[in-house]
Amino acid sequence: MTLRPLLDARASGLRRAILQASADEQGPCSGIGSVATGQITEHEPPGEGAR
């Protein structure tokens with residue numbers, strides 16, 4: 001689901017992409033050559049719970 005759009009972007013001449021991945025998704029992302037460069041913290045209102 002991620003690789004095809006990245007390959008299409010590269011074929012169009014783009015050289016950088018930004019991926020947002022959970023801790024569980026970091027392994028597969030590194031498998032396609034991405035490197036973690038930062039961290040995003042998400043907040044949600046009280047009582048909203050994970051969906």
Task: All positions within segment 28-37 that are open to solvent by 70 Å² or more (accessible area, probe 1.4 Å) and either on the phi > 0 side of the Ramachandran plot or modelled with pLDDT of 80 or more (or both) - done: Val35, Ala36, Thr37
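What do you reckon, is Leu19 part of a loop (DSSP other than H, G, I, E, B), open to solvent by less than 100 Å² (accessible area, probe 1.4 Å) and in contact (Cβ under 8 Å) with a residue 12 or more places away in the chain? Steps first, answer last, please.
Values: part of a loop (DSSP other than H, G, I, E, B): yes; open to solvent by less than 100 Å² (accessible area, probe 1.4 Å): yes; in contact (Cβ under 8 Å) with a residue 12 or more places away in the chain: yes.
Here the answer is yes, as Leu19 does meet what is asked.
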TODO: Would you mind stating whether Thr37 is touching a residue at least 24 places away in the same chain (Cβ under 8 Å) and under 12 Å from the mean Cα position of the chain (by Cα)?
DONE: no
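Residues checked against (1) over 16 Å from the mean Cα position of the chain (by Cα); (2) surrounded by fewer than 10 Cβ atoms within 10 Å (Cβ to Cβ); (3) outside any helix (DSSP H, G or I); (4) among the aromatic types (Phe, Trp, Tyr):
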residue: Arg4; (1), (2), (3), (4): no, yes, no, no
residue: Leu7; (1), (2), (3), (4): no, no, no, no
residue: Leu14; (1), (2), (3), (4): yes, no, yes, no
residue: Gln26; (1), (2), (3), (4): no, no, no, no
residue: Pro46; (1), (2), (3), (4): yes, yes, yes, no
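The values are calculated or read from the model by the stated rules, or taken from the named source; none is laboratory data. Here the structure is a predicted model, which means the values were calculated and not measured. No Cβ is skipped: glycine too gets one built from the backbone with ideal geometry, and neighbour counts run over all protein chains shown. The protein model used for the area step is the full one, side chains on, heavy atoms only, and it has no ligands, DNA or RNA in it. Shrake-Rupley method; radii C 1.70, N 1.55, O 1.52, S 1.80 Å.
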